[in-house]
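Structure record follows, encoded as structure tokens.
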């Protein structure tokens, strides 16, 4: 009888945990994001920029900063646009994002990237790059609300 009570308690706890997880995912929302990044690199690179998050009918100014390391040379500007998924409030987009990627541009080129921050916000971005840059690097990017 003691075993069945414990088993029942474990089952109730498991069902509650699944329900809480499903409820929090169900309340997550989606927004759009646009920003420009200026990047300069010679093995180690730095980048910065700004843009706008549109979430629940409001616009929020954002700032971007980052570092990269690896095979990276040149100077470029990339204009990104895309979707931010799995956010409950605008501040969820703020955080550190990491991605491994590659690309290149000689005057113009395309970039596609998907990244997630520590809060679970997922950026799905596409953009165009102008400038002269070749990269096969691991990059990090931080987004903050202004």
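Based on this model, can you work out whether residue 26 counts as exposed (fewer than 14 other Cβ atoms within 10 Å of the Cβ), over 22 Å from the mean Cα position of the chain (by Cα) and modelled with pLDDT under 90? Quick ask: steps written out before the conclusion?
Numbers: exposed (fewer than 14 other Cβ atoms within 10 Å of the Cβ): yes; over 22 Å from the mean Cα position of the chain (by Cα): no; modelled with pLDDT under 90: yes.
Criteria not met by residue 26.
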Completion exercise
Per the list (1) modelled with pLDDT of 90 or more; (2) closer than 21 Å to residue 29 by Cβ; (3) in a strand (DSSP E or B), residue check on residue 63 breaks on (2)
Fill in the blank from the handout: Residues of region 82-94 being surrounded by 15 or more Cβ atoms within 10 Å (Cβ to Cβ) and in a strand (DSSP E or B), in sequence order, are 82, 84, 85, 86, 87
Exercise for the section: Filter region 37-81 for residues that are more than 17 Å from residue 123 (Cβ to Cβ) and crowded, with 20+ Cβ neighbours inside 10 Å and give the result. Expected result: 41, 45, 72, 76
Problem - Condition met for residue 120 (modelled with pLDDT of 85 or more, more than 14 Å from residue 33 (Cα to Cα) and surrounded by fewer than 16 Cβ atoms within 10 Å (Cβ to Cβ)) - result: yes
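The values are calculated or read from the model by the stated rules, or taken from the named source; none is laboratory data. Quantities reported herein were computed from a predicted structural model and do not represent experimental measurements. Cβ sites come from the backbone with ideal geometry, for glycine too, and all protein chains shown count toward neighbours.
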